[in-house]
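Have a look at the structure below, then the notes.
The values are calculated or read from the model by the stated rules, or taken from the named source; none is laboratory data. Keep in mind that this is a model prediction, so the values were computed, not measured. As a convention, Cβ positions derive from the backbone with ideal geometry for all residues, glycine included, and neighbour counts pool all protein chains shown. Protein only, heavy atoms only, side chains kept; ligands, DNA and RNA dropped before computing areas. Shrake-Rupley method; radii C 1.70, N 1.55, O 1.52, S 1.80 Å.
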Amino acid sequence: MMIGACLALCPFFFIDGVKAFYFEANAKMPVLSGFVKFAVLSTFGEVIALRLRTGHYYEKGFGLWPRMIVWGFLGAWIVMAMRIFGKGVPVLCDTIFCTDGAVAAAMQGGLSWTKFGGAFAISLMQNTAFAPVFMLLHKVSDTHILEQGGRLKALVTPIPFSRILANLNWDVQWNFVFKKTIPLFWIPAHTVTFMLPPQWQVLFAALLGVVLGILLAIAANKK
């Protein structure tokens, strides 16, 4: 499956027509294109997680289509968050560290230590202010889909937030998902993300969904 995923992504890098369409979609419809990227790639990551947990790529009640739709909306939310933090943190650096626009300018240029510092600051803020809420919402929606037997009606059935939150394995959620994956993986990974050219940032972030699937499988095996 990993080889197939790499082959599927090759046209975006090596075929001029596909690359041009990708750039145009990113420029004109960034939220919609983010929806598609995360719906496909992050769901693929969850399929890999299922394979690691059970030895099967699919099982009854998994809810492939509800997961894809939820990931699409989460992906659109991520696109908006990346825009907010990507533009806002350089302004914050000007306010706190008196960088006088240096970080914002570096984020548009080539590789430099200033750009690395800016990317790290953006990643740090996004992963401490936004990521925990995002991860918790994803966990709740995931649990809800499973409780609904993976059927599409899960998307229109009210989510019992209080019950699901009360019954979460908070030891895993805090000690592994929050305490370990955020500082040890997500902050470094998204530092790399924000150092990439803007047209590739969301795609790279969506590809990290495959890694997320593996991390979720590890977390599940820790229960």
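For Lys37, the accessible area of its heavy atoms, probed at 1.4 Å with every protein chain present, is near 20 square angstrom.
Extension gain, Phe176 to Leu64: 0.36 nm times the residue separation minus the Cα-Cα distance gives 37.8 nm. Ordering Leu155, Leu41, Ala206 by Cα displacement along the dipole of the chain toward the positive end leaves Leu155 in first place; charges were set at the Cβ atoms of Lys, Arg (+1) and Asp, Glu (-1). Think of the chain as a dipole: +1 on every Lys or Arg Cβ, -1 on every Asp or Glu Cβ, centred on the Cα centre; then among Thr191, Asn169, Pro30, Asn169 lies furthest on the positive end. Beyond 21 Å between alpha-carbons counts as too far, so tell me which of Lys60/Lys139; Lys87/Lys115; Lys60/Lys153; Lys60/Lys179 fall in that bin. Checking Cα-Cα distances, Lys60/Lys179 exceed 21 Å. For the set Phe120, Phe97, solvent exposure ranked by accessible area (probe 1.4 Å, protein chains only) runs largest to smallest as Phe97, Phe120.
Residue separation times 0.36 nm, minus the C-alpha to C-alpha distance between Val36 and Ile214: what's the value?
Computed gain between Val36 and Ile214 is 62.0 nm.
Where does helix 113-129 land angle-wise versus the long Cα axis of the chain, in degrees 0 to 90, nearest 10? So the inclination is approximately 30 degrees.
Taking only the alpha carbons of region 37-77, we obtain Rg and Dmax values of 10.3, 32 Å in that order. Sequence-ordered 3J(HN,Hα) estimates for region 21-32 from the Karplus curve with 6.51, -1.76 and 1.60 and θ = phi - 60° stand at 4, 4, 5, 5, 5, 4, 6, 8, 9, x, 6, 5 Hz, glycine and proline given as x. The ellipsoid equivalent to the alpha-carbon distribution of the chain has semi-axes of 31, 22, 16 angstrom, derived from the gyration tensor eigenvalues as √(5λ) and listed largest first. For the pair Val156 and Ala129 in one chain, pulling the backbone fully straight at 0.36 nm per residue adds 6.9 nm over the alpha carbon distance.
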